[in-house]
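Read the structure below first, then the notes.
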Amino acid sequence: MYLLIILSKKIKCYFVHNFKLAANNKTMKSIWAKAKERKNGNIEGDKDIVVIGGGIAGFLTAFRLSQSGKQVTLIEANKVLGGVTSKTTAHIDCMESFIYGKMITKSFETTKDFYFFQQEAIQEYENLINEYKIECDFVKVDSYFYTQHKQQELIDEFNSLKDIGADVEFIENPNLPVGEATMAFKLKNQAIFDPIKFLNGLSVNFEIIEGVRVLDIDFKTKTLYTSKNEFRANKIIVATNFPFVNFPGWYFLRMYKSHSYAVAIDKAQDIKGSYLNADESGLTFRNHIDSVIVGGYDHRSGRPYKYQSFDRLYEKGKHLTDDGTLTHQWSANDCVTFDDLPYVGYYSKRSKDIYVITGFGKLGMAKAMASSILISDMINDIPNKYKKLCDPLRKGQCNWSFFKNLLCTLKNLVLMPLVPPFRCVKNIKAGQGKVVFYKGVKTAVYKDEDEKIHAISPYCAHLGCQLKFNPDARTWDCPCHGSRFDIHGNIITAPTTKKQERV
Ligand code: FES
């Protein structure tokens, strides 16, 4: 008996070890199509309308404004559609977590508007796909929200959605393919698609400039300072995931970033819907062609968490496949506001010609479309009933989440830099990164598989918080506002506009 136990442990160890190697050898690549190559525009000269940020929100805003006859330039620091948009799980969904039940206790109207702001956007996706005959694997699905442990919250969420007029249906004794549930409901008329194929299919009547980073904006003169030059614009829209201008706006105090992971496993069964687990793991499931995409395990950027998120996601999804292989794995971070509503509108009180789009939470596809409609209406002087809902200058944001966020920022900005590093480079294993003493100073060091050292400053180039290594994504992440850097210190995501210094 004793021998059998030892043997079974050895066998389990062998499979787990080999599986982990297989998963870890995958490159960080999402399942979505490749973005079309575009002709690069001309950075010289003043512009009429400039959209900064070539993700889905910026792209759709540029598209809509150009369709209304405006002269638009979209400017992107790297490649258009190469950032967070290429790392989504692409649920076009009005659900996310327990939001409506919470929101309705404060305002029925806001809750209702927030739902329809997104639901109407799903219809707009369908309209555009039909109008431009875009092949983008768009499928209308029901979205299942389910739980094992949070029955009362789920009932509250269901009742709130029903009260505001959403098309929801409670499911008695749910028997869902994706996992165990004690309670569930479905929200009808949601969708899934390939976001890059969709955006590739839209006609582009606007100028695109890639490889130019906007470093700052003078709000008085509407001058943009870029990595190449400086120029003026009549209107500017900041759609850079996290807004990069700190003052005015103060967005660094009004949001945080959440990091989440996703895998695609092939040979999958048709799970017939989009699924969101309401429990801690925040798991999501959907099909894409013959694969299943499993997302989740989100955590605040730069916070400690359980490692091997990709392995754990594969474990959650493999039973939905016929011995499927993990073909893709990727991760991204999303901007979360403290009242769960996005910021779409004037960047600050100081300028009516500079706009912001951000704060889409964890499932942002519907909000991206809705925001592009709102900004385009504002610029074209068309009344839009959701302007107040998303007003970045709205009141009521100094809630408990705001203070928690402030404490976290203070800890990482003031306290952590004072803590001396107790480890040295010898303590770092291959494939790991740590903040250690190196060359006599505190340094963020990554040791690659060949034991080569890659050393950068441990203090974030944005405002100076101490970085933390993310072993799954192999990036240095900032716990304050979620800037991310690769092991060489190159920028992966805003708000920073500066690289990390190499040591
Ligand atoms: Fe703000 Fe790092 S992102 S300090």
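The values are calculated or read from the model by the stated rules, or taken from the named source; none is laboratory data. In this text, all values refer to a predicted model and were calculated from it rather than measured experimentally. Positions of Cβ are backbone-derived with ideal geometry, glycine not excepted, and every protein chain shown enters the neighbour counts. SASA here: full protein model, heavy atoms, side chains in, ligands and nucleic acids out. Shrake-Rupley method; radii C 1.70, N 1.55, O 1.52, S 1.80 Å.
Remark: region 487-503, residue by residue, has Karplus-estimated 3J(HN,Hα) of 5, 9, x, 6, 6, 9, 9, 5, x, 4, 10, 10, 6, 6, 6, 7, 9 Hz, where x stands for each Gly or Pro and the curve is 6.51 cos²θ - 1.76 cosθ + 1.60 at θ = phi - 60°.
Here r is the Cβ-Cβ distance between E120 and F437 and R0 is 41 Å; the resulting FRET efficiency, rounded to 0.05, is 0.15. From the alpha carbon centroid of region 371-450 to that of region 489-503 is 13 Å. Pairs with C-alpha atoms separated by more than 25 Å, drawn from the list K34/K140; K87/K267; K79/K388; K47/K197; K235/K367, are K79/K388; K47/K197. In this structure, the amide hydrogen of V51, modeled 1.01 Å from its nitrogen in the peptide plane, lies closer than 5 angstrom to those of T73, L74, I75, I237, counting only residues at least 5 positions away or on a different chain. Of all DSSP bridge pairs formed entirely within the chain, close to 75 percent run antiparallel. Please sort by residue number the GluC sites (Glu not before Pro) in region 67-150 whose DSSP state is loop and whose Cβ has at most 14 other Cβ atoms within 10 Å. Those satisfying the criteria are E135. Between the listed residues T105, H454, Q118, the Cα displaced farthest toward the positive end of the dipole of the chain, a dipole computed from Cβ unit charges relative to the Cα centre, is found at H454.
For a straight C-alpha distance cut-off of 15 angstrom, the aspartates and glutamates reachable from K39 (same-chain residues fewer than eight places away being disregarded) are E76, E207, E210. To the nearest 10, the accessible area of D381 is 130 Å² with a 1.4 Å probe. Near the amide H of I492, within less than 5 Å, lie the amide hydrogens of R484, F485, D486, all on another chain or at least 5 residues away, with H placed in the peptide plane.
Indicate the helices, whole DSSP H runs only, in the chain that combine a mean Kyte-Doolittle hydropathy of -0.5 or more with a Cα extent along their long axis of 24 angstrom or more. It would help to have the intermediate numbers written out before the result.
Numbers: long enough: 2-24 (33 Å, 0.67); 108-131 (34 Å, -0.86).
Span-like helices here: 2-24.
Straightening the chain between Y307 and K411 buys 35.2 nm, computed as 0.36 nm per residue apart minus the Cα-Cα spacing. Evaluating 6.51 cos²θ - 1.76 cosθ + 1.60 at θ = phi - 60° for every residue in region 101-107, the Karplus couplings come out as x, 6, 5, 5, 5, 9, 7 Hz, glycine and proline recorded as x. Calculated mean residue ellipticity, 222 nm, the chain: -7500 deg cm²/dmol, from DSSP H runs (n ≥ 4) at -39500 (n - 2.57) each, averaged per residue and rounded to 500. Computed on protein heavy atoms with a 1.4 Å probe, the accessible areas place V204, V245 in the order V204, V245, largest first.
Using a Förster distance of 41 angstrom, determine the FRET efficiency expected from the C-beta separation of N189 and K404, and round it to 0.05. Don't jump to the answer; show the numbers that get you there.
Values: r = 35 Å, r/R0 = 0.85.
That pair, N189 with K404, gives E of 0.70.
Using a probe of 1.4 Å on the protein chains alone, the accessible area found for R474 is around 90 Å². Here the contact order of the chain, divided by its residue count and restricted to Cα pairs under 8 Å and six or more residues apart, works out to 16 percent. Among the protein heavy atoms, those of W32 account for about 20 Å² of accessible surface (1.4 Å probe, every chain in place).
3J(HN,Hα) couplings calculated from phi for region 188-200 with the Karplus curve 6.51 cos²θ - 1.76 cosθ + 1.60 (θ = phi - 60°) are, in sequence order, 7, 6, 9, 7, 9, 6, 9, x, 6, 4, 4, 5, 4 Hz; Gly and Pro show x. Close amide-amide hydrogen proximity is noted between A33 and I196, K197, each under 5 Å apart and 5 or more residues distant or on a separate chain (H modeled in the peptide plane; Pro and chain starts excluded).
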